[in-house]
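Undergrad: First the structure, which I've put down as structure tokens, then a few questions once you've had a look.
The values are calculated or read from the model by the stated rules, or taken from the named source; none is laboratory data. The structure presented is a predicted model; accordingly, all values stated were derived computationally and were not measured. No Cβ is skipped: glycine too gets one built from the backbone with ideal geometry, and neighbour counts run over all protein chains shown.
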Amino acid sequence: MDFTISEELQSVQQLAQQILGDFTEVDKLKAIEAQDTRFDPALWQALAEAGLLGVDIDEANGGMGLGFFALGMLCEEVGRTVAPVPVVPVLAGAAGTLRRFGNDTQREQWLPGIAAGSALVTCALEEYHNDDPTRPAATAQAVEGGYTLSGSKICVDAATHSARILLSAQAEDGLVVALVDPRAAGVALNPQVVTSGETRHELVMDQVQVGAEDILATGREALEAMDWAQQATRTALCAMALGLCDKMMRITGQYTSEREQFGRAIATFQAVSHRVADCYIDVECLRLVTQQAASLLDQGRPAQDAVSMAKIWCGDVAHRVSQAAQHCHGGTGVDRDYILWRYCLMARQIELSAGNSARLTGELGQAIAREYLAAAPA
């Protein structure tokens, strides 16, 4: 099997590096962080003008049609620069699901605007007691011309900037996937500050009317759509964590090569060099499992186990690399005039989002046990 990244995808990654690097200098990040929401519309538009928002959107709908693997590479670069743009919920969770499960009218209505940067559609996949969008606590009631939705979602990214929020709700006859207007009657958006310091929103719905034109899927197709959205979101988060951890490792390597103690660089001390070497091994393992999950999703092949394993690695590696980076930096690592703290907080946010390592390890173990028992002789 050839694991070489194509020149086309490498060009996409290099272009993303250039644009993101230009917009994520420390002073610019501080200015964005002082705002109510952590979103840089100028950077988002620059990515759109370069065609990067459309890497996983068909050419017929204004995109590049390069697939989900290419989107993963963009997410990696966003993580590497801690760029304040909602690539995961908008491009992976919402646009990716719209592309694969929306009807022609819905795709034509939303995907060209997303690719052009003129419209945002985000997704809401988590609730207070459940981060599985195939088993939501929110409810849907069938009415003439559509549904009414009630319930809440938490930690919705880019909610105040979005024209629609893609989410699921449980109806009497099965699951419903809908595009909810955050400005519709019965919708409330309550600010929530999360671990990374970002302001996200609790979405509360009280008998919100959603017309048939904004119903993406129902029944079995809705289950497939939400299962795909969850897998895509987890994989995109893994790609972001890969960029974050790789950058933290390199920041640490540079710092320990320059910081001297007892007349020599601390990188020459065995305890320090071994710690950074372990980070390198962790990062490369995370890279492989993330690329495997992204490749399977890109090909439309079963990816649930690969995605779970990637997210397990994601949480563990994000934790270990953050801890090692802080340890090797000493007190410098927590100085807010230094860049490392942003990476550590974002890594922790990703570690706890869309399922943590402990829970996913338990679920994977239960799945393996079920398969073993099913195959065992009576």
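Undergrad: Out of Asp305, Asp335, which single residue is modelled with pLDDT under 95, in contact with a helix residue (DSSP H, G or I) (Cβ under 8 Å, 6 or more places away or on another chain), closer than 24 Å to Asp132 by Cβ and assigned by TED's automatic domain parsing to the domain that holds Ala232?
TA: Working: Asp335 fails: closer than 24 Å to Asp132 by Cβ.
Of the residues listed, the single one that is modelled with pLDDT under 95, in contact with a helix residue (DSSP H, G or I) (Cβ under 8 Å, 6 or more places away or on another chain), closer than 24 Å to Asp132 by Cβ and assigned by TED's automatic domain parsing to the domain that holds Ala232 is Asp305.
Undergrad: Please indicate, with yes or no, whether at least one residue in the range 49-62 is free of Cβ contacts under 8 Å to residues at least 40 places away in the same chain, hydrophobic (A, V, I, L, M, F, W, C) and assigned to a loop (DSSP other than H, G, I, E, B).
TA: Going through the range 49-62, the residues free of Cβ contacts under 8 Å to residues at least 40 places away in the same chain turn out to be 50, 59-60.
After this cut, where a residue has to be hydrophobic (A, V, I, L, M, F, W, C) as well, the list is 50, 60.
Next cut, assigned to a loop (DSSP other than H, G, I, E, B) only: 50.
Yes - at least one qualifying residue is present in the range 49-62.
Undergrad: Test Ala225 against the stated conditions and say whether it is touching a Cys at 6+ places or on another chain (Cβ under 8 Å), outside any strand (DSSP E or B), among the small types (Gly, Ala, Ser) and within 23 Å of Leu71 (Cα to Cα). Can you show your working first?
TA: Values: touching a Cys at 6+ places or on another chain (Cβ under 8 Å): no; outside any strand (DSSP E or B): yes; among the small types (Gly, Ala, Ser): yes; within 23 Å of Leu71 (Cα to Cα): yes.
No, not satisfied.
Undergrad: So, one more: Which count do you get for residues in the range 274-309 that are in a helix (DSSP H, G or I), hydrophobic (A, V, I, L, M, F, W, C) and under 22 Å from Leu66 (Cα atoms)?
TA: So the first thing to find is which residues in the range 274-309 are in a helix (DSSP H, G or I), and the list is 274-299, 304-309.
Adding the requirement that they be hydrophobic (A, V, I, L, M, F, W, C) leaves 276-277, 279, 281, 283, 285-286, 288-289, 293-294, 296-297, 306-307, 309.
Narrowing the set further to residues that are under 22 Å from Leu66 (Cα atoms) leaves 288-289, 293-294, 296-297, 306-307.
So the answer is 8.
Undergrad: I've got another one for you. Given Ala188, Ala140, Ala178, Ala169, which one is outside any helix (DSSP H, G or I) and surrounded by fewer than 18 Cβ atoms within 10 Å (Cβ to Cβ)?
TA: Details: Ala140 fails: surrounded by fewer than 18 Cβ atoms within 10 Å (Cβ to Cβ); Ala178 fails: surrounded by fewer than 18 Cβ atoms within 10 Å (Cβ to Cβ); Ala169 fails: surrounded by fewer than 18 Cβ atoms within 10 Å (Cβ to Cβ).
Of the residues listed, the single one that is outside any helix (DSSP H, G or I) and surrounded by fewer than 18 Cβ atoms within 10 Å (Cβ to Cβ) is Ala188.
Undergrad: Would you confirm, using the coordinates I've provided, whether Ile154 is assigned to a strand (DSSP E or B), within 23 Å of Arg38 (Cα to Cα), touching a Phe, Trp or Tyr at 6+ places or on another chain (Cβ under 7 Å) and not hydroxyl-bearing (Ser, Thr, Tyr)?
TA: Details: assigned to a strand (DSSP E or B): yes; within 23 Å of Arg38 (Cα to Cα): yes; touching a Phe, Trp or Tyr at 6+ places or on another chain (Cβ under 7 Å): yes; not hydroxyl-bearing (Ser, Thr, Tyr): yes.
In short, yes.
Undergrad: Go through the range 133-172 and report how many residues are in contact with a helix residue (DSSP H, G or I) (Cβ under 7 Å, 6 or more places away or on another chain) and either outside the structural domain of Val208 (by TED's automatic domain parsing) or over 28 Å from Gly113 (Cα atoms) (or both).
TA: Within the range 133-172, residues that are in contact with a helix residue (DSSP H, G or I) (Cβ under 7 Å, 6 or more places away or on another chain) and either outside the structural domain of Val208 (by TED's automatic domain parsing) or over 28 Å from Gly113 (Cα atoms) (or both) number 2.
The rows are residues; the columns are (1) within 30 Å of Trp341 (Cα to Cα); (2) in contact with a strand residue (DSSP E or B) (Cβ under 9 Å, 6 or more places away or on another chain); (3) part of a helix (DSSP H, G or I).
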residue: Thr4; (1), (2), (3): no, no, no
residue: Val12; (1), (2), (3): yes, no, yes
residue: Ile19; (1), (2), (3): yes, no, yes
residue: Asp27; (1), (2), (3): yes, no, yes
residue: Ile32; (1), (2), (3): yes, no, yes
residue: Phe39; (1), (2), (3): yes, no, no
residue: Ala46; (1), (2), (3): yes, no, yes
residue: Phe69; (1), (2), (3): yes, no, yes
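Undergrad: Out of (1) at pLDDT 95 or above; (2) under 28 Å from the mean Cα position of the chain (by Cα), the odd one out for Ala185 is which?
TA: Looking at each condition in turn, Ala185 falls short on (2).
Undergrad: Evaluate the range 93-112: report whether one residue or more is in contact with a His (Cβ under 9 Å, 6 or more places away or on another chain), crowded, with 23+ Cβ neighbours inside 10 Å and over 22 Å from Gly300 (Cα atoms).
TA: First, pick out the residues of the range 93-112 that are in contact with a His (Cβ under 9 Å, 6 or more places away or on another chain): none.
Looking through the range 93-112, none of the residues is in contact with a His (Cβ under 9 Å, 6 or more places away or on another chain), crowded, with 23+ Cβ neighbours inside 10 Å and over 22 Å from Gly300 (Cα atoms).
Undergrad: Let me confirm something: among Val82, Val88, which residue is out of contact with any Asp or Glu (no Cβ under 9 Å at 6 or more places or on another chain) and in contact (Cβ under 8 Å) with a residue 24 or more places away in the chain? Talk me through it step by step, then tell me what you get.
TA: Values: Val88 fails: out of contact with any Asp or Glu (no Cβ under 9 Å at 6 or more places or on another chain).
Answer to the selection: Val82.
Undergrad: Same structure, new question: How many of the residues in the range 205-223 are more than 15 Å from Val121 (Cβ to Cβ) and surrounded by fewer than 17 Cβ atoms within 10 Å (Cβ to Cβ)?
TA: Selection size over the range 205-223: 8.
Undergrad: While we're looking at this one, here's another question. When only residues in the range 255-284 that are of a type in the set (Lys, Arg) and surrounded by 13 or more Cβ atoms within 10 Å (Cβ to Cβ) count, which is farthest from Val321 (Cα to Cα)?
TA: Taking the candidates together, the pick is Arg259.
Table: residues versus (1) crowded, with 16+ Cβ neighbours inside 10 Å; (2) of a type in the set (A, V, I, L, M, F, W, C); (3) closer than 19 Å to Met240 by Cα.
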| site | (1), (2), (3) |
| --- | --- |
| Leu286 | yes, yes, yes |
| Pro302 | no, no, no |
| Ala324 | yes, yes, yes |
| His329 | yes, no, no |
| Gly333 | yes, no, no |
| Arg336 | no, no, no |
| Ala347 | yes, yes, yes |
| Ile368 | no, yes, no |
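Undergrad: Looking at this structure, is Asp40 within 27 Å of Gln192 (Cβ to Cβ) and modelled with pLDDT of 90 or more? Break it down into steps so the answer makes sense when it comes.
TA: Details: within 27 Å of Gln192 (Cβ to Cβ): yes; modelled with pLDDT of 90 or more: yes.
Against the criterion (within 27 Å of Gln192 (Cβ to Cβ) and modelled with pLDDT of 90 or more), Asp40 qualifies.
Undergrad: Sticking with this structure for a sec: If you go through the range 330-378, how many residues are more than 30 Å from Thr195 (Cα to Cα) and part of a helix (DSSP H, G or I)? Before the answer, list the steps.
TA: Initial filter on the range 330-378 (more than 30 Å from Thr195 (Cα to Cα)): 367-378.
So of that shortlist, the ones also part of a helix (DSSP H, G or I) come out as 367-375.
So the count comes out to 9.
Undergrad: Looking at the range 238-254, is at least one residue buried (at least 17 other Cβ atoms within 10 Å of the Cβ) and touching a His at 6+ places or on another chain (Cβ under 8 Å)?
TA: The answer is yes; a qualifying residue exists.
Undergrad: Do you know which of the residues in the range 119-137 that are crowded, with 17+ Cβ neighbours inside 10 Å and not in a loop (DSSP other than H, G, I, E, B) is farthest from the chain's Cα centre (by Cα)?
TA: So, considering only residues that are crowded, with 17+ Cβ neighbours inside 10 Å and not in a loop (DSSP other than H, G, I, E, B), the one farthest from the chain's Cα centre (by Cα) is Glu127.
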